[in-house]
1. According to a simple spin-label model (label point 7 Å from Cα along Cα-to-Cβ), what is the distance in nm between N76 and E161?
2. At what distance in nm do the modelled label points of V120 and K176 sit from each other, each positioned 7 Å from its Cα along Cα→Cβ?
3. For the stretch 37-42, take each phi angle, set θ = phi - 60°, evaluate the Karplus expression 6.51 cos²θ - 1.76 cosθ + 1.60, and give the result in whole Hz per residue in order, putting x for glycine and proline.
4. Find out how many positive minus negative residues lie around G26, taking Lys and Arg as positive, Asp and Glu as negative, among other residues whose Cβ is under 14 Å from that of G26.
5. Working out 0.36 nm times the residue gap between Y146 and Q84, then minus their Cα-Cα distance, what length gain in nm do you get to one decimal?
6. Here is the link list: K136/K181; K2/K163; K2/K72. Which ones come out longer than 31 Å on Cα distance?
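What follows draws every value from the coordinates through simple rules; no lab data is involved. Note that the structure is a prediction, hence the values are computed from the model and not measured. Cβ sites come from the backbone with ideal geometry, for glycine too, and all protein chains shown count toward neighbours.
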Amino acid sequence: MKDNEIIDLYWERNEAAIAATAEQYGSYCHAISYNILHSNEDAEECVNDTWLGAWNSLPPLRPNRLSTYLGKLTRNLSLDRFRQYHAKKRGHGQTELVLSELEDCIPVESDVEQSVDEMVLAESINQFLRAQPERKRNIFIRRYWYLCPIQDIAKAYGMSESKTTSLLFRMRNELKVYLEKEGITL
C-alpha cells in the first residue's frame, strides 16, 4: 500500500490504517527504537505508541513522507523512554555514548531557555550535511539519528571500525566549526 493510501485511511478514521502502517513500517520503526533502547520489549512498546501517536495526529497533519514522520515519532518516543531508564541500566550505554559524542558540537539545552532556537540549529545541521558527500552524510545520520553502533556502520560500508570512528570524529569537528561560523554558540 502506498503512503498516500495509508494516510487517507487515517483521515477516514479507518482502523485498517494501523495494520497497514505496521505492515509497511513495523520493521523500520522497531530498528530505530531498538538501536536506542537495546530491548525488544521496550522497542515494541515504543512502536505501538508510534501507531497511537500517528492515529492521534493524522488528521490534522498530512506528512509529505510517512516514513520520516513515523521514524521521528518512534525516535522521540524511544529517546523519552531512554531518558526514563537512564541508559546505563538497560541500554548498555550505547545511546548515552552516541549522545555524548555530540556534546562538543551541539549546544546544551537549559531548563528555562534553549541556547539556540531548535529550528535554526536543525537547519544549520541540515545545511552542513547537505554539503557532505552522500556516503559521509549517510554514515553521520546512521550514527547520530538512528544511533547505530560503530561496528554495524563499519560493516555496512565496508570500512574498519577505526576508520569509521575517525571519519565521525572529523565530521563532528567540522560540524562544530561550521556551527561556530554560523554564529551558534556552543
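1. Placing both labels 7 Å beyond Cα along the Cβ direction yields 3.4 nm.
2. About 2.1 nm separates the two model spin labels.
3. Each residue's phi maps through the Karplus curve to give 9, 6, 8, 4, 5, 5 Hz.
4. In short, -4.
5. Taking 0.36 nm per residue and subtracting the Cα distance, the gain is 20.4 nm.
6. K2/K163
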